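All remarks here apply to the structure that follows.
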Amino acid sequence: MQNETLTNVFWGLFLIWFGVLWARIGGNPLDVVDAPLFALGTGVLMLLLNLVRSTMRLRLSVLTVGLGTLLTVVYTPIVFFGFNVPFLPALLIIVGLALIIGAFRSSRYP
């Protein structure tokens, strides 16, 4: 299986995950995005994608490993313990930091 096919499969799983939560929670899609369960499931999917890539000896994505880890290990427990941290701003900050770190890492390895 190619990396592109694998990525498409996991995008499909993500959209199914989002749809199931939206049907369960109802209302505005942003209500789903702010749910801690959404962050946990999304983080786990990202980590599983890279686990499968690793077992198939495909190149890992530093961005999805980092985001998956941060969503699963950092963001989800913070929200489950009652702290009000909006998901979308936190995600944008995390993605921005990951892109900056990735840019500096890749500039060292031409």
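The values are calculated or read from the model by the stated rules, or taken from the named source; none is laboratory data. Please read these numbers as outputs of a predicted model, since none were measured by experiment. Every residue, glycine among them, receives a Cβ derived from its backbone with ideal geometry; neighbour counts consider all protein chains shown.
Each row is one residue, and each column tells you yes or no for (1) out of contact with any helix residue (DSSP H, G or I) (no Cβ under 6 Å at 6 or more places or on another chain); (2) surrounded by 13 or more Cβ atoms within 10 Å (Cβ to Cβ); (3) among the acidic types (Asp, Glu).
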residue: Leu21; (1), (2), (3): no, yes, no
residue: Arg24; (1), (2), (3): yes, no, no
residue: Asp34; (1), (2), (3): no, yes, yes
residue: Leu40; (1), (2), (3): no, yes, no
residue: Leu48; (1), (2), (3): yes, yes, no
residue: Gly66; (1), (2), (3): no, yes, no
residue: Leu70; (1), (2), (3): no, yes, no
residue: Phe80; (1), (2), (3): no, no, no
residue: Val95; (1), (2), (3): yes, yes, no
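The numbered conditions (1) under 22 Å from Val20 (Cβ atoms); (2) surrounded by 11 or more Cβ atoms within 10 Å (Cβ to Cβ) are all true for Ser61 except (1). Annotation note: of Val65, Val44, Val74, Val79, the sole residue that is modelled with pLDDT of 90 or more and not aromatic (Phe, Trp, Tyr) is Val44.
Residue pairs whose Cβ atoms lie under 6 Å apart, separated by 6 or more positions or on different chains, with the first residue in the stretch 85-101 and over 18 Å from Pro36 (Cα atoms) and the second among the aliphatic types (A, V, I, L, M), are Ala98/Leu63. Within the stretch 58-72, being β-branched (Val, Ile, Thr) and without any contact (Cβ under 8 Å) to a residue 24 or more places away in the chain holds for Thr64, Val65. If you go through the stretch 22-43 and keep only what is of a type in the set (Gly, Ala, Ser) and over 18 Å from Ala90 (Cβ atoms), you end up with Ala23, Gly26, Gly27.
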